[in-house]
Protein chains: 2
Amino acid sequence: MELLIRKALDGDPRSIARLISIVESDSPYAEKIMKAIYPRSGKAHFIGITGSPGAGKSTLVDKIIRELKLQGKSVGVVAVDPSSPFTGGAILGDRLRMQSHALDPDVFIRSMGSRGSLGGLSHATYEAALILDACGKDVVLIETVGVGQSEVDIVKIADTVALVLVPGMGDDIQIMKAGIMEIADVFVVNKADRDGADKMAREVNVMLDLLGERAWRPPVYKTVAEKGEGVAEAVAAFSDHQKYLQKTEEGRKRKWQRLEREVEEILRREISRIVERSWNETKSVDLLNGLAERRIDPYTVAGDLLDKVFGPEA
Amino acid sequence: MELLIRKALDGDPRSIARLISIVESDSPYAEKIMKAIYPRSGKAHFIGITGSPGAGKSTLVDKIIRELKLQGKSVGVVAVDPSSPFTGGAILGDRLRMQSHALDPDVFIRSMGSRGSLGGLSHATYEAALILDACGKDVVLIETVGVGQSEVDIVKIADTVALVLVPGMGDDIQIMKAGIMEIADVFVVNKADRDGADKMAREVNVMLDLLGERAWRPPVYKTVAEKGEGVAEAVAAFSDHQKYLQKTEEGRKRKWQRLEREVEEILRREISRIVERSWNETKSVDLLNGLAERRIDPYTVAGDLLDKVFGPEA
């Protein structure tokens, strides 16, 4: 294990992949790995790429990688795929459109299933990003599945969130509805050679006006990712946002919030494990029949269980 | 409080509304209310109505209410609206299209925000349904916001899940991707006067074939909710599915799973409370700086905290 960690920290792709797999599989070694990794993390720029399915996120990520490489940066990608809540497996598998970088040792691409929490980002996603960070990647791109929860969760992980929109998909209403506007640091109107791109960019700006003045006004870029158009400008904006965070109170706050969430997430996982064990020991046909027949209620069952685990004073 | 609960159980709409508000606001009285309500619940048929935004769910719900009323049934509706993760408020507010029933004492309609868990169904949604059940509604319709998590969560709450599709919205791919197919007990192709309705119904049947044989083969209905066409047939199918559940092992299993989830959900909520409290007591500027500067890692911080709560043997 020490050797594996050392090789990963030296940048060996196969060792990095192995570490991520171990952490993802929730193995007892996961904590050991994360503890060893952690002191070396905290340097990379985490960029979240989110937006509706079909917005062209994977193609855009492909071109962002190319641009970052031109700047001499090493890049890690965590692409979250929708997984069936029933099978647990990732449906899309490795992203074909990113395969052009498959043989490049400076680019590490990893697909992860969203596992159970449909659309949500599992803690393993964040841990994979931390591993890539510790193993020397300058930038970690996190591409979400782009439905519901993951679009909001990304703000908990990424330093900079790019929201990818497409003209004519009715995205504007979707955004308003889901409260996604507030989480974007950079807007990218992709497939901007389609009709309505200018209109969409204008509408986003109007919505941003409605949100009121903020120290960082999210810029709106138009790209045609297929052709690489506008990508360099968007990447420059990501970098501007990073600089903005580094020198402002907002950046410090965001970093602290993320650290707090990390601790809370680990706590929740551990406590859940303890309670789940106790619940599995407690539940019985009798108890479930009691609930079904309304002889007992779930609040009393849960209360008794917690008393058992924590003592009655909790 | 006792008086309020008694009046609600007698069917008084204002008291029911008040109870739901208290439970939704996460007040300390919530548990007391749910404990009192619980023994009277377990009789209503919970029907989930899910599908993409724009599928015409609200209009369909309106017509389903009408049909159920013709059958002499009392109806409760919980409509989940998308809420901003930042303000916490519901964006759409009360559903205008259901207002035709606003003055009907046998129909109770309640909008709830999806609160933080974007697109997901909050536990309060389920508790509101239980309250309506205990207060004498024969059927409780739960209309989801129709993005991501809520479409899958509905299966945890509802006895019968109706998935509403619309021709020409590219829904077929969306469904496949998100693993939604598996959760539907009845398919409704709405706006069936549009082109492509027959094709869509056929495609759904093909996909159902791919899922393999099951004891309950979800039927596919075409409706034009605006005109009320096909609604009676769909409602009859909901009722058939209820009867199927009542007399099969699958029905018993589903009920037990729901009861287990109820207990687990309450446990989860309590655990979050415990985590938050103990973390708030521990966290300090020093500790957060230590994390930011990588002098300590979050796994060690969480481990120390757990030792404090449970003792070192946990």
Do the conditions hold for B:ARG277, that is, is it modelled with pLDDT under 90, over 30 Å from B:ALA162 (Cβ atoms) and either outside the structural domain of B:HIS123 (by TED's automatic domain parsing) or in a helix (DSSP H, G or I) (or both)? yes
The residue from B:VAL107, B:VAL139, B:VAL78 that alone is within 26 Å of B:ARG40 (Cα to Cα), modelled with pLDDT of 95 or more and buried (at least 19 other Cβ atoms within 10 Å of the Cβ) is B:VAL139
Starting from residues that are in a helix (DSSP H, G or I) and within 11 Å of A:ALA134 (Cα to Cα), keep the ones in the stretch A:7-32 and report whichever is nearest to the chain's Cα centre (by Cα). A:ILE16
Out of the residues in the stretch A:12-71 meeting the condition of being of a type in the set (Phe, Trp, Tyr) and within 14 Å of another protein chain (Cβ to nearest Cβ), tell me which one is surrounded by the fewest Cβ atoms within 10 Å (Cβ to Cβ). A:TYR29
Tell me, please, whether a residue that is modelled with pLDDT under 90, in contact with a helix residue (DSSP H, G or I) (Cβ under 6 Å, 6 or more places away or on another chain) and farther than 21 Å from B:ASP153 by Cβ can be found in the stretch B:282-299. yes
Given (1) over 18 Å from B:ILE154 (Cβ atoms); (2) modelled with pLDDT under 95, index of the condition B:LEU4 fails: (2)
Within the set of pairs 6+ apart or on separate chains, which have a first residue in the stretch B:13-29 that is outside the structural domain of B:ILE109 (by TED's automatic domain parsing), a second that is in a helix (DSSP H, G or I) and among the aromatic types (Phe, Trp, Tyr), and C-beta atoms under 8 Å apart? B:ILE22/B:TYR29
Counting only residues that are at the interface with chain B (Cβ under 7 Å from one of its Cβ atoms) and either hydrophobic (A, V, I, L, M, F, W, C) or in contact with a strand residue (DSSP E or B) (Cβ under 8 Å, 6 or more places away or on another chain) (or both), the stretch A:234-278 contains a total of 8
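Every residue, every condition in (1) touching a residue at least 40 places away in the same chain (Cβ under 8 Å); (2) assigned to a helix (DSSP H, G or I), yes or no:
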{"position": "A:ASN205", "(1), (2)": "no, yes"}
{"position": "A:ALA215", "(1), (2)": "no, no"}
{"position": "A:PRO218", "(1), (2)": "no, no"}
{"position": "A:TYR221", "(1), (2)": "no, no"}
{"position": "A:HIS241", "(1), (2)": "yes, yes"}
{"position": "A:GLU250", "(1), (2)": "no, yes"}
The stretch B:223-239, residues that are on the phi > 0 side of the Ramachandran plot and touching a residue at least 60 places away in the same chain (Cβ under 8 Å): B:GLY228
For the stretch B:223-239, how many residues are over 21 Å from B:ILE180 (Cα atoms) and not in a helix (DSSP H, G or I)? 4
Answer residue from the stretch B:191-203, given it is assigned to a helix (DSSP H, G or I) and touching a Pro at 6+ places or on another chain (Cβ under 6 Å) and is modelled with the lowest pLDDT among those: B:MET200
Select, from B:SER278, B:SER284, the only residue that is over 23 Å from A:LEU306 (Cα atoms) and polar (S, T, N, Q). B:SER284
Residue within the stretch A:44-51 that is touching a residue at least 12 places away in the same chain (Cβ under 8 Å), outside the structural domain of A:ALA162 (by TED's automatic domain parsing) and closer than 18 Å to A:LYS137 by Cα present: no
Answer from B:GLU281, B:GLU293 - the residue that is more than 21 Å from the chain's Cα centre (by Cα), surrounded by fewer than 16 Cβ atoms within 10 Å (Cβ to Cβ) and either more than 10 Å from chain A (Cβ to nearest Cβ) or closer than 30 Å to A:LEU287 by Cα (or both): B:GLU281
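The values are calculated or read from the model by the stated rules, or taken from the named source; none is laboratory data. All of these numbers come straight from a predicted model, not from anything done at the bench. Positions of Cβ are generated from backbone atoms using ideal geometry, with glycine treated the same way; all protein chains shown enter the neighbour counts.
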